[in-house]
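Asks: This is the structure, below, for whatever I ask next.
What follows draws every value from the coordinates through simple rules; no lab data is involved. Because the structure is predicted, anything quoted here is derived from the model rather than measured. Neighbour counts run over all protein chains shown; Cβ positions are idealised from the backbone, glycine included.
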Amino acid sequence: MSPLADLRLPRRLAAPEPGWTESTDVLVVGSGIAGLTAALHLREQGLHVTVVTKVNIDDGSTRWAQGGIAAVLDPLDTPEAHAFDTEIAGVGLCDPAAVRVLVEEGPARIKELMRLGAEFDRNADGSLMLTREGGHRADRIVHAGGDATGAEVQRALHDAVRRDPWIRLVEHALVLDLLRSADGRACGITLHVLGEGTEDGVGAILSRAVVLATGGMGQIFASTTNPAVSTGDGVALALRAGATVTDVEFVQFHPTSFVTAGVTSVQRPLISEALRGEGAHLVDETGTRFMVGRHELAELAPRDIVAKGIHRVLRATGADHVYLDARHLGKEFLEHRFPTIVASTRAAGVDPATELIPVAPAAHYASGGVRTDLHGRTSIPGLYACGEVACTGVHGANRLASNSLLEGLVFSRRIADDIARDLPPQADPAPVTAEPGWVVPPAIRAELQRTMTRGAGVLRSADSLAATAKELTRLGEQRDTPRNSAWESTNLLTVATALVASAYARRETRGCHWREDYPNAADEWRGHLLDSIDRRGTLTQAFAEMA
């Protein structure tokens, strides 16, 4: 029996009735690489698009991406090789068809991005400068500004969106719930926009299709590289609406987040994997390279293996960090290739040219999310998902480095093409039949984060997950009045519940999911846990074996 059997989740959020309504052809929720690329491709199809974003257009995860984008751009590289590396990292749970789509269509999407104005780093002869990251056996990572790829991609997409008068941008907007027509099709959302409409700013945007591109859920943990806005809003909305969510137990912990005094716990700075790709080494407090001998790629092993290696050292020594040694790369090289990292570490009092960089794993990327097919379609007609909020099947049990931005590029294009092929007329929202909504207090957020980190973080067990479930059940019994912070806390509770339920059910260690009491992968668990919320507000699960 699930330890979360007594926990009830809301099937809609408590909120005032919408005080204003707008209409558009397609509504895109999120303004990172997936959302903005989807909007631009939809405009190419002649559709009017509204993009809703939680704070400002540039406040999501995309701009923080340091490493780059993986794609086969070297004549000596092949899509088959990229697929092989992707599936090795995914530990048997990647969808081969989705991986083929990613690696075969990826190069064209990179070239489209360059035509939009993204400027990637180049060699002296003008060719693209390619590098390597963990899990890759070839140089296939394009980057910009050394370690500022995300910022450059976001700039190019932002500029392109601003140039198009038929893309309406709604900032400072928190999405609440999905609107559905009488036949069950997605037909818009309710949302809260600061300063709009009623005194509470709640309104509705009607649309002929809805695209979720809301990003990740890293804020369910106390230590994360995700920005404060990454509270799992899209996954929570989808669950409340009745959509299927899968693979949420596979949260990738980036091995090297920056650990030092004065760094906020809201978002830990990332020390890019590309730094290890250029030759930096992981060492313990004695200066020993502890990843050598653990894996053939040592520090460049897939992220789950490196994170586990670091965690073992931390457990053995009682320390809260290990070190990244980049001193041998030299001051000039570091400042040229990694200006963002050098600036941020120096600002905190650590000079990577002369000192070891203290690092530790932090929640980084959700490999699972709202389940989609190869065209980004969810289990609800008219509702699509792309980017980190989605589970396309590409990542399996562990995302390969720099495949995330590529996934956003590839599947946003596929979504736009699918929407344009068969977009129905606008439908009216059906009356809401779910029980009255509710929310939990904002004060539970910090306690939830600590609880999740302690019992459902890098290392898990039946006992730790049961204890976490007990705490989540207690937190879920509390109620509060509708407001932004309460809506976010309720979303965090919803996605945390799904993660803990799946992590408890999956009795094996695979990829990002590390069970201390089940240390090996098991063939009977080679499949996907599908989560949904039933009419009573209970989280339910099914298991789908791999084809």
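Asks: How much length is gained if the chain between His375 and Thr288 is pulled fully straight, taking 0.36 nm per residue apart and subtracting their Cα-Cα distance, in nm to one decimal? Mind dumping the intermediate values first?
Replies: On the way: separation 87, 0.36 × 87 = 31.32 nm, distance 4.70 nm.
The His375-Thr288 span can extend by a further 26.6 nm.
Asks: What is the magnitude of the charge dipole of the chain about its Cα centre, with +1 placed on the Cβ of each Lys and Arg, -1 on the Cβ of each Asp and Glu, and no other charges, expressed in debye to the nearest 20?
Replies: Numbers: 55 positive and 69 negative charges, 129 e Å.
Charge dipole, the chain, about its Cα centre: 620 debye, nearest 20.
Asks: If you don't mind, another one. Please enumerate, by chain and number, the aspartates and glutamates with C-alpha under 20 Å from the C-alpha of Lys331, excluding those fewer than 8 residues away in the same chain.
Replies: Here the aspartates and glutamates satisfying the reach criterion relative to Lys331 are Asp121, Asp147, Glu273, Glu278, Asp351, Glu355.
Asks: Please give the Cα centre distance for segment 453-471 versus segment 478-547, rounded to the nearest Å.
Replies: If you average the Cα positions of each part, the centres end up 12 Å apart.
Asks: Tell me whether segment 1-153 comes out rounded, prolate or oblate; compute the Cα gyration tensor, take square roots of the eigenvalues as a ≥ b ≥ c, and use a/c under 1.5 as the rounded threshold.
Replies: In terms of gyration-tensor shape, oblate.
Asks: Along the charge dipole of the chain, which of Thr288, Leu492, Gly527 sits closest to the positive end, that is, farthest toward it, with unit charges on the beta carbon of Lys, Arg, Asp and Glu (+1, +1, -1, -1)?
Replies: Leu492
Asks: By counting other Cβ atoms within 10 Å of each Cβ, how are Tyr504, Tyr365, Tyr323 ranked from fewest to most? Write out the running numbers ahead of the final one.
Replies: On the way: Tyr504 23, Tyr365 26, Tyr323 20.
In order of increasing Cβ crowding within 10 Å: Tyr323, Tyr504, Tyr365.
Asks: Quick check on segment 302-414: take the gyration tensor over C-alpha atoms, sort the square-rooted eigenvalues as a ≥ b ≥ c, and tell me if it's rounded (a/c under 1.5), prolate or oblate.
Replies: Numbers: a/c = 3.38, a/b = 1.91, b/c = 1.77.
Verdict is prolate for segment 302-414.
Asks: Right, something else. Please list the non-local residues whose amide H lies under 5 Å from the amide H of Ser23, H modeled 1.01 Å from N, same-chain partners needing a gap of 5 or more.
Replies: The list, which skips near neighbours in sequence, is Leu206.
Asks: How far is the Cα center of segment 366-381 from the Cα center of segment 85-118, in Å?
Replies: Using only Cα atoms, the two centres lie 16 Å from each other.
Asks: Of Leu492, Leu374, how do they rank once you tally other Cβ atoms within 10 Å and put the fewest first? Write down the numbers at each step before the final one.
Replies: On the way: Leu492 26, Leu374 15.
By the 10 Å Cβ count, ascending: Leu374, Leu492.
Asks: Quick one, what does Rg over Rh come out to for the chain if you take C-alpha atoms and the Kirkwood Rh? Walk me through the intermediate numbers first.
Replies: Details: Rg = 22.0 Å, Rh = 23.2 Å.
Answer for the chain: 0.95.
Asks: Through the Karplus equation 6.51 cos²θ - 1.76 cosθ + 1.60, θ set to phi - 60°, convert the phi angles of segment 86-91 into ³J(HN,Hα) values in whole Hz; use x for Gly and Pro.
Replies: Whole-Hz 3J(HN,Hα) from phi for segment 86-91: 4, 6, 4, 5, x, 6.
Asks: I've got another one for you. Output wanted: per-residue J couplings in Hz (rounded whole) for segment 449-462, from phi through Karplus 6.51 cos²θ - 1.76 cosθ + 1.60, θ = phi - 60°, x for Gly and Pro.
Replies: 3J(HN,Hα) across segment 449-462, in whole Hz: 4, 5, 4, 5, 5, 6, x, 9, x, 4, 10, 10, 8, 4.
Asks: Can you work out the Karplus-derived ³J(HN,Hα) for every residue in segment 144-153? Use 6.51 cos²θ - 1.76 cosθ + 1.60 with θ = phi - 60°, whole Hz, and x for glycine or proline.
Replies: Result, rounded to whole Hz: 9, x, x, 10, 10, 4, x, 5, 5, 4.
Asks: Moving on to the next point. Tell me the GluC sites (Glu not before Pro) within segment 329-412 that lie in a loop according to DSSP and have at most 15 other beta-carbon atoms within 10 Å. Walk me through the numbers on the way to the answer.
Replies: Values: sites: Glu332, Glu335, Glu355, Glu388, Glu407; in loops: Glu355.
The qualifying sites are Glu355.
Asks: What ranking of Asp164, Asp320 emerges when the number of other C-beta atoms within 10 Å of each C-beta is taken as an exposure proxy, fewest first?
Replies: Values: Asp164 14, Asp320 10.
Result, fewest neighbours first: Asp320, Asp164.
Asks: Mind running the shape call on segment 92-246? Use the C-alpha gyration tensor, a ≥ b ≥ c as the square roots of the eigenvalues: rounded below 1.5 for a/c, prolate if a/b tops b/c, oblate otherwise. Walk me through the numbers before you get to the answer.
Replies: Values: a/c = 1.97, a/b = 1.62, b/c = 1.22.
Since a/c reaches 1.5 and a/b is larger than b/c, the shape of segment 92-246 is classed as prolate.
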